[in-house]
Structure formats: C-alpha cells, structure tokens
Amino acid sequence: MSCPRCGGSVREPDLMHSEWRCPRCGPVPPLHVPEHIGAQIVASVVDRVAAAAPPGGPATPVWCPWPLPPGWTLTGVAYAGDERGGVRATAVACAGPEPLGGGPADLLFVAEEPGVGLGTRLAGMPGPDPGPQLAEALTDPGPGHPEHVGQARIRVGGHPTPLWLVNSPTDRSAYAGEARGLWLHAIAWPASAGHLLAEDVELRDLTEWTPAELVYGAPSPYLHGGA
C-alpha cells in the first residue's frame, strides 16, 4: 500500500490515529495496487470496490475502455480506500500500440472523490484536484484562438463526456473532467498517445459488468510508481 498523493509509504491506524497516514501528506486513503494482473485479480478488486459501496448507493466506478483499442491489453487495476472510509478512488491501466508512431503506449483512467490526489499525481499536476485548471479551461476562447485548450469527448457509461486538456510534463498528456459526481482523469504516455481519446472511446464500469474477453498484458509501470 502507498500514498495516492505522493506514492510514498503509509502508516496504518493505531491507538493515536484512526486513519491511514502519509508522513508527508497526512491522512490519506491507502492505495492498493496488485503486483500482478489477470482475470482473478480484476474480479477481486471489483468485488472489494462493490462491497465498499454505501448502503443503497452506487459503488465507485472502475472505468475501463471497452472494447479495447485494437492490439491493446489491460495492464493494471487499483483502488484507494479502507474498510472504515470506503473506496474513494479507482484506477485502470491499459497498454498497446501508440496511434501515430506505432510504438508502445500506456493509458490510465482514474475515478476519484475530491481531495484524493491520485489522478493529479499521475498527471504530474500540483494539488489534489484539477479544479483550478478546469476553471481556466471553461473560459476557453475556442478553436483557432492561441489560448484554446484542447478537449476530448468520450462516452462514459453510455453518456457523451467532455474531458479538458490540463498541464502536465512533456512525457505525457493528461485530461480531466467529471463523471458520476467524481473526478475523471485520463493520462497517456507518450504525450502523442492522447490522440486515442479523439477516437471512439467508450468507458464501462467494471463493477456493473466485466467482459470475459478482456486480454491482459504486463503490469503497468506507471501504476506501480513509474509516473
């Protein structure tokens, strides 16, 4: 387990503290990243996320592109939370051929409550939430203007959902938006792999249905701390 905000180690609750704690970030929901990936591991994580849903309420979505782009595989799944606070964030990693150059590419999707900070860490953004950058994006002057902010439109749970390009290191491209009342992040390596989001991408919630046809690849280095 690790800190979703900085990737560092966390301390479990004790007699003095009722929450998991990061020495640098303070109280945080611990991030669980399985070492391997496969159908049984995905099923186990999905079951944990579903079991942590509030009584009568929906589970935190585990967004996965389906169908996967040609040649792509599922390379990781993770969640942040514990039995006391429930699941507050989930992440899914995929990998495959980069759409422009054909080299290897990675794509991560994060759904999280405000303040968790997993999506912004993976995107290389400051702060726990993308709100300040999205506020600027919403005042975008539009296509053709030198300050125009790029936008991706994907389908999330069957609904058209806009994602706005946010500032990130040059080795990746990062988009952020909202779906089901939670932040939604999409982060791609290399930066040009973000063009995948301009294609017909559909995200489905694995807590509602997990396709038996999912293909699995080597564990994502970015989900395991490489970002």
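The values are calculated or read from the model by the stated rules, or taken from the named source; none is laboratory data. Note that the coordinates shown come from a computational prediction; the quantities given were computed from them, not determined experimentally. Counting neighbours? That spans all protein chains shown, and the Cβs are built from the backbone with ideal geometry, glycine included. Remember, those area values only see protein heavy atoms, side chains included, never the ligands or the DNA or RNA. Shrake-Rupley method; radii C 1.70, N 1.55, O 1.52, S 1.80 Å.
Tabulated results
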read-out: Every residue from segment 1-27 that is open to solvent by less than 50 Å² (accessible area, probe 1.4 Å), assigned to a loop (DSSP other than H, G, I, E, B) and in contact (Cβ under 8 Å) with a residue 40 or more places away in the chain; value: PRO4, CYS6, GLY7, TRP20, CYS25
read-out: Subset of segment 76-101 (residues that are assigned to a loop (DSSP other than H, G, I, E, B) and open to solvent by 30 Å² or more (accessible area, probe 1.4 Å)); value: GLU83, ARG84, GLY85, PRO99, LEU100, GLY101
read-out: Filter result (out of contact with any Leu (no Cβ under 6 Å at 6 or more places or on another chain), within 18 Å of LEU182 (Cα to Cα) and surrounded by 14 or more Cβ atoms within 10 Å (Cβ to Cβ)) within segment 41-57; value: VAL49, ALA50, ALA52, ALA53
read-out: When residues of segment 184-193 are limited to those that are open to solvent by less than 10 Å² (accessible area, probe 1.4 Å) and out of contact with any helix residue (DSSP H, G or I) (no Cβ under 7 Å at 6 or more places or on another chain), the one farthest from PRO130 (Cα to Cα); value: ALA193
read-out: Residue count for segment 102-116, restricted to those that are of a type in the set (Gly, Ala, Ser) and crowded, with 23+ Cβ neighbours inside 10 Å; value: 2
read-out: When residues of segment 167-183 are limited to those that are touching a strand residue (DSSP E or B) at 6+ places or on another chain (Cβ under 6 Å) and within 16 Å of LEU196 (Cα to Cα), the one surrounded by the fewest Cβ atoms within 10 Å (Cβ to Cβ); value: ARG172
read-out: From the options ASP47, ASP14, residue that is modelled with pLDDT of 95 or more and of a type in the set (D, E, K, R); value: ASP47
